[in-house]
Amino acid sequence: MSFSGQIAIAGVHEYESRWAPDKTSFQIMGECAREALADAGLRLEDVDGLFGATMTMGAMGMVQLSEYLNIKPRYLDGTNIGGSSFVSHVAHAGAAIHAGLCDVALIVYGSTAASDAMAIGTGSAGGRDPSAAFVSPYGMTLVSSYAMVAKRHMFEFGTRSEQLADIAVSTRHHASLNPDAKMRQPITREDVLESRMIADPLHLLDCCIISDGGGAVIVTRLERAKDLRQPLVVVQGTGEAVAHREIGAPDLMTIAARQSGEAAFAMARMSPGEIDFCTIYDSFTITVLTTLENLGFCEPGEGGPFVENGGIGLGGRLPVNPDGGGLSSNHSGMRGIFLVIEAVRQLRGGLGKRQVEGAETALVHGTGGYLGLMHSGATLILGKA
Amino acid sequence: MPEKYVHRKGIPLLVRHTGETTLPQNPPQSGAGPTILCLHDAGLQSSVFSDLLDAFGPPASGLSFDLPGHGRSGSLDAVSSIEEMAEVAVWIADWCQLERPILVGHGMGALVALEWAHTKPESLGGLVLCGAGLAMGITQETIESLRQVTFGKAPRPFDPSRVARDSGPELMKRAYREGIQTDPRATLVDLVASRRWSDGFVRGDRPPSIDCPTRIVCGAGEATACLERAEKLASALPRATLSIVEGAAHFLPFEKPAALASEIRKIAEAV
């Protein structure tokens, strides 16, 4: 039985700083949890479900986190499928609450990726995973797995670097309206194209930044959320998927978003045309373009014309990542939680110049892992009650 | 070496210090001898002084700190003027309860030390300035090329000539590592601030009031123009003497920490 329309996101908080060398990831998570609970009008004692993941948390991480937060949850979920984990956690929390396994779920994330000098994008892909046996020896990096998708998209459909650059330009414009964003100086298409080549055809400004950061999300029953502090934001649909256990299987143009998006739209009984704005994992510009196609916002191969010339900017045909995204606002390794937080904030309204006008419905999509290799996808559809 | 964070205007500032670790909200303990406060160069951070602080050693004591936006201090934005950097340095000294420290300024840090000496001469014991000159020799071309780095259009530059020849690969690696720990946007702000201040210095805005024991220390391996600027600085300050250290260039604090510590002790004795 579906929980569509019965689960609400009652509290959110995004860690303001993008550079926190004096903090640990648990400190950031603790501060975010406290603020998200305050945002909802709940107390730490109310939390009976804990969901979390980080770049560094080990097998006992969720136990350590519970102890650090001084809570004794009756439901734990440490699912880690990369950057999409937190989008997935909202779905898992909804299912657990719907099943009566917990009532107030705290989803939390923290990272000091920047101050730990993590080289996220240029790290190797696949590691020693047996499934990557035919990849790892050739030294593929994370960014190159995305570049391979971009190259193929250009080959298949004639997509141009200028169109990818326009994604970075729109996102930077959004970041310029967000006082917490790490990179706020507006850029032009030429700035992107003239920036250093990282993995052909992706330039430096086609790539997400690296920051510190964290966030927390509170999920509960709709009926309980009605008594809390914030305007209601309801979970309408969810979906998850994995794809590409080997390079190019089944093909580089079909990503996990295809399956997770179809599931989420089916659960919500909605179609792409009913979505007012999106928050989409923008590890690289190509991630946004191919995700939009796979979610059905445009046909395969039409992503380039869809995004160019401000198509996904505020006031465009479909605003994407109005907070400035991972390309300009923050990217601390696993960005999924920020996608949820920004979607909720937009649906609540009152964000000034970066507010999406008339926002009633939002689609959130997280991608985890290596787009051209093995990756996960998680989709949420949110709406006002 | 112990480290601790102190908060100024909500920004955490990293302090490295000699002696024992102290509890949060408590200043480092001072030794029985003189105290030095080290001020780092543009685009660098306090870690360049770690060998120097070790070499200076007990009974003397010393500390260094990362300016906002540098190294492991907080804030995405660097302080935009030498005057404000000096205010930060004075605040650190007050918080750490330093009594008339000897300021050790490296490159831009030397300008910060001079600004402090100009505005609060009664609160310092002496100056040791290294890798510094009357003018800083920061050209518009240098600033524009760094601006290209901040836009992602050029890789961050590394100038191997800032380390003395025959220093060996380890020191060269150290110089490289020290140069990549601070956001290039902060380095750009540093260079603009340094040029603005040193232009004023050359115009005569500061030198007449700076009258404390001063040692200008320059690595023999610095570029000829740098050595000339150091000589001019020494002649412009009433109580300054110039010392050249062999086997070092711009990264003198970790190329020849013992030699620099020796120069500091001479100033300490004069004080």
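The values are calculated or read from the model by the stated rules, or taken from the named source; none is laboratory data. This one's a predicted model, so the numbers in the text were calculated from it and none came from an experiment. Note that each Cβ is placed from the backbone with ideal geometry, even for glycine, and that neighbours are counted across all protein chains shown.
Taking segment A:45-93, which residues are under 23 Å from the mean Cα position of the chain (by Cα), assigned to a loop (DSSP other than H, G, I, E, B) and not small (Gly, Ala, Ser)? Matches in segment A:45-93: A:THR54, A:MET55, A:THR56, A:MET57, A:THR79, A:ASN80.
Comparison of B:GLU122, B:GLU83 shows that the only residue that is touching a residue at least 60 places away in the same chain (Cβ under 8 Å) and not polar (S, T, N, Q) is B:GLU83.
Residue by residue, here is whether (1) of a type in the set (Gly, Ala, Ser); (2) in contact with a strand residue (DSSP E or B) (Cβ under 9 Å, 6 or more places away or on another chain); (3) exposed (fewer than 13 other Cβ atoms within 10 Å of the Cβ); (4) assigned to a helix (DSSP H, G or I) holds:
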| position | (1), (2), (3), (4) |
| --- | --- |
| B:ALA164 | yes, yes, no, no |
| B:LEU171 | no, no, no, yes |
| B:ARG174 | no, no, no, yes |
| B:THR182 | no, no, no, no |
| B:ASP190 | no, no, no, yes |
| B:ALA193 | yes, no, no, yes |
| B:ARG196 | no, no, no, yes |
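Matching residues to (1) surrounded by fewer than 19 Cβ atoms within 10 Å (Cβ to Cβ); (2) at pLDDT 95 or above; (3) in contact with a Gly (Cβ under 9 Å, 6 or more places away or on another chain); (4) farther than 30 Å from A:ALA36 by Cα:
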residue: A:LYS72; (1), (2), (3), (4): yes, yes, no, no
residue: A:SER88; (1), (2), (3), (4): no, yes, yes, no
residue: A:ILE97; (1), (2), (3), (4): no, yes, yes, no
residue: A:SER124; (1), (2), (3), (4): yes, no, yes, yes
residue: A:MET140; (1), (2), (3), (4): no, no, yes, yes
residue: A:SER144; (1), (2), (3), (4): no, no, yes, yes
residue: A:GLU156; (1), (2), (3), (4): yes, yes, yes, yes
residue: A:THR171; (1), (2), (3), (4): no, yes, yes, no
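Of the listed requirements (1) surrounded by 24 or more Cβ atoms within 10 Å (Cβ to Cβ); (2) closer than 15 Å to A:SER170 by Cα, A:GLY315 misses just one: (1).
Considering segment A:158-169 alone, what residues qualify as being charged (D, E, K, R) and either modelled with pLDDT under 95 or surrounded by fewer than 17 Cβ atoms within 10 Å (Cβ to Cβ) (or both)? Steps first, answer last, please.
So in segment A:158-169, the residues charged (D, E, K, R) come out as A:160, A:162, A:166.
If the condition is that a residue be charged (D, E, K, R) and either modelled with pLDDT under 95 or surrounded by fewer than 17 Cβ atoms within 10 Å (Cβ to Cβ) (or both), then A:ARG160, A:GLU162 are the ones that fit.
With respect to the conditions (1) within 14 Å of chain A (Cβ to nearest Cβ); (2) within 19 Å of B:ILE267 (Cβ to Cβ); (3) not charged (D, E, K, R), B:THR35 falls short on a single one, namely (1). With respect to the conditions (1) buried (at least 21 other Cβ atoms within 10 Å of the Cβ); (2) among the hydroxyl-bearing types (Ser, Thr, Tyr); (3) out of contact with any Pro (no Cβ under 9 Å at 6 or more places or on another chain), A:THR79 falls short on a single one, namely (1).
Is there a residue in segment A:210-233 that is more than 24 Å from A:GLY94 (Cβ to Cβ), within 14 Å of chain B (Cβ to nearest Cβ) and out of contact with any helix residue (DSSP H, G or I) (no Cβ under 9 Å at 6 or more places or on another chain)?
Step one: of segment A:210-233, the residues more than 24 Å from A:GLY94 (Cβ to Cβ) are A:210-213.
Okay, now just the ones that are also within 14 Å of chain B (Cβ to nearest Cβ), so A:210-213.
Subset that is out of contact with any helix residue (DSSP H, G or I) (no Cβ under 9 Å at 6 or more places or on another chain): A:210.
So far as segment A:210-233 goes, yes, one or more of its residues are more than 24 Å from A:GLY94 (Cβ to Cβ), within 14 Å of chain B (Cβ to nearest Cβ) and out of contact with any helix residue (DSSP H, G or I) (no Cβ under 9 Å at 6 or more places or on another chain).
The residue that is farthest from the other protein chains (Cβ to nearest Cβ), counting only those in segment A:170-208 that are touching a residue at least 12 places away in the same chain (Cβ under 8 Å) and of a type in the set (Lys, Arg), is A:ARG189.
Yes/no per residue for (1) touching a residue at least 60 places away in the same chain (Cβ under 8 Å); (2) of a type outside the set (Ser, Thr, Tyr); (3) farther than 18 Å from B:PRO68 by Cα:
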{"residue": "B:MET1", "(1), (2), (3)": "no, yes, yes"}
{"residue": "B:LEU13", "(1), (2), (3)": "yes, yes, no"}
{"residue": "B:ARG16", "(1), (2), (3)": "no, yes, no"}
{"residue": "B:ASN26", "(1), (2), (3)": "no, yes, yes"}
{"residue": "B:PRO34", "(1), (2), (3)": "yes, yes, yes"}
{"residue": "B:GLN45", "(1), (2), (3)": "yes, yes, no"}
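Within segment A:110-122, the set of residues being hydroxyl-bearing (Ser, Thr, Tyr) and at pLDDT 90 or above comprises A:SER111, A:THR112, A:SER115. Selection over segment B:237-253 of residues that are surrounded by fewer than 22 Cβ atoms within 10 Å (Cβ to Cβ) and aromatic (Phe, Trp, Tyr) gives a count of 0. Inspection of segment B:253-263 identifies no residue that is in a helix (DSSP H, G or I), over 22 Å from B:LEU52 (Cβ atoms) and without any contact (Cβ under 8 Å) to a residue 60 or more places away in the chain. In segment B:142-183, what residues are touching a His at 6+ places or on another chain (Cβ under 6 Å) and more than 14 Å from every other protein chain (Cβ to nearest Cβ)? B:ARG162, the sole residue that qualifies. Taking the listed residues A:VAL47, A:VAL104, A:VAL87, the one that is β-branched (Val, Ile, Thr) and over 30 Å from A:ARG269 (Cβ atoms) is A:VAL47, with no other qualifying.
Residues in segment A:267-290 that are polar (S, T, N, Q), in contact (Cβ under 8 Å) with a residue 40 or more places away in the chain and closer than 29 Å to A:MET1 by Cβ: 1 in all. If the condition is being within 14 Å of another protein chain (Cβ to nearest Cβ), buried (at least 19 other Cβ atoms within 10 Å of the Cβ) and not in a helix (DSSP H, G or I), then segment A:22-44 contributes A:ASP22, A:LYS23. Looking at segment A:257-361, the helices (runs of 4 or more DSSP H) lying wholly inside it that each contain 1 or more residues that are polar (S, T, N, Q) and at pLDDT 95 or above sit at A:285-295, A:336-348.
Here is the figure for segment A:345-368: residues that are crowded, with 24+ Cβ neighbours inside 10 Å and among the β-branched types (Val, Ile, Thr) total 2.
This table checks each residue for (1) over 16 Å from the mean Cα position of the chain (by Cα); (2) at pLDDT 95 or above; (3) within 14 Å of chain A (Cβ to nearest Cβ).
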residue	(1), (2), (3)
B:SER47	no, yes, yes
B:PHE56	no, no, no
B:PRO59	yes, no, no
B:HIS70	no, yes, yes
B:LEU76	yes, no, yes
B:SER81	no, yes, no
B:GLU84	no, yes, no
B:GLU99	yes, no, no
B:PRO121	yes, no, no
